[in-house]
Amino acid sequence: MRLLLGLDGPDLSALARAVVGVFGPGRPPDAKFSVGFADEVPGADWLERFAARQEKGAESAVGWNGDGEPFAFNIGNAIVKAGRDGDWTAESLLEVLEVLPFAVASIGGVHQWTGNGGFADLHYGHGWACAFRGKGHDRLLSGRWLEYGPWRLLTRGDITLVQFHDLAADSETARRQAWPGHELLTAGIGYLSPPPGVARRHLRSRLRGRYDVDTRTLRIVVRGRAVHDAEMRDARLAVLEGSGDPPIAGVAYVFMEEVVARAHLHRLWLHELECWAIVHGREVRLDEDYRPARTPPQWAVALA
């Protein structure tokens, strides 16, 4: 099975060196060597030139005969890509990721179908897995997102590996297993591209509510309608942005009917949004003590 690995991180030069150290055959490239889109002779300093920062938009690539073209390095778009054949499993991939200074990793597919979304930013489209390390977790819409998704979760140190489908499954079964998870971790839905901190003031106009100055919370009364995931996403983004006038530190949805509030409770909790209901004439917060059970899909339970 060929591993297709896309990596970004805070220091692309160090990341490129680490990738070559893990995947390289220990000799200068003999199939391909280019720096800044220009083919060159490798030479003794090929690794230094390969890992060096290039002008914006430039790309460096290396390859070895007999090993395909295992590395492509693009500094201008903040991505390192590697490909390597092997008997890969989620556990063996996790061992490799441990020694790579990455933030977010995309892993391409092993079947012919195209993934249902992805991280964008020149990452591979979603395949059988993806991973986050350290501050890479901050690219997620919510810190609760990973624990309750339709996937298998493996952790080691500050690394979280998400496996979207059983590698032993046939193509169609794998597609069905992976599709729901792909959608949730796609850019603009559960994954933030660009990351938090980029101004999204246009979202403020979509949210209508009463601003509580003391708690810096936007309180949105819900009557006779459903709150969909797109609105929850925008509300969560308004909190993550943490700026604006006035700044929003939290968003609270106040439902006029308790039964409707409880129907929304889990999704609001996943987005780290407050869920309130009018119970016997007073506002009662429902999410504060909410502790849902984690229910991974059956195929993931079988692999655990």
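Some notes on this structure:
- Of all residue pairs spaced 6 or more apart or on separate chains, those with beta-carbon atoms under 7 Å, a first member in region 15-44 that is among the basic types (Lys, Arg) and a second member that is surrounded by fewer than 17 Cβ atoms within 10 Å (Cβ to Cβ) are 32/69.
- Flag if residue 33 is assigned by TED's automatic domain parsing to the domain that holds residue 92, over 27 Å from residue 137 (Cβ atoms), among the aromatic types (Phe, Trp, Tyr) and surrounded by fewer than 16 Cβ atoms within 10 Å (Cβ to Cβ): no
- Of the residues in region 148-159, at least one is surrounded by fewer than 17 Cβ atoms within 10 Å (Cβ to Cβ), of a type in the set (Lys, Arg) and not in a loop (DSSP other than H, G, I, E, B).
- Which numbered condition residue 232 fails, given (1) modelled with pLDDT of 95 or more; (2) surrounded by 13 or more Cβ atoms within 10 Å (Cβ to Cβ); (3) not charged (D, E, K, R): (1)
- Selection from region 95-135 of residues that are on the phi > 0 side of the Ramachandran plot, out of contact with any helix residue (DSSP H, G or I) (no Cβ under 8 Å at 6 or more places or on another chain) and part of a loop (DSSP other than H, G, I, E, B): 120, 121, 122
- Residue within region 81-96 that is more than 30 Å from residue 166 (Cβ to Cβ) and at pLDDT below 90 present: no
- Residue in region 15-35 that is modelled with pLDDT under 85, of a type in the set (Val, Ile, Thr) and either in contact with a Phe, Trp or Tyr (Cβ under 7 Å, 6 or more places away or on another chain) or not in a helix (DSSP H, G or I) (or both) present: yes
- Across region 84-135, the qualifying residues are those that are of a type in the set (D, E, K, R) and out of contact with any Leu (no Cβ under 6 Å at 6 or more places or on another chain), and the one among them that is surrounded by the fewest Cβ atoms within 10 Å (Cβ to Cβ) is 87.
- Test result for residue 174, within 27 Å of residue 229 (Cα to Cα) and at pLDDT 95 or above: yes
- The requirement of being among the basic types (Lys, Arg), at negative phi, in the same structural domain as residue 24 (by TED's automatic domain parsing) and outside any loop (DSSP other than H, G, I, E, B) is satisfied by residue 84.
The values are calculated or read from the model by the stated rules, or taken from the named source; none is laboratory data. Here the structure is a predicted model, which is why all the values come from computation and not from measurement. Glycine also receives a Cβ, built like all others from the backbone with ideal geometry; neighbour counts cover every protein chain displayed.
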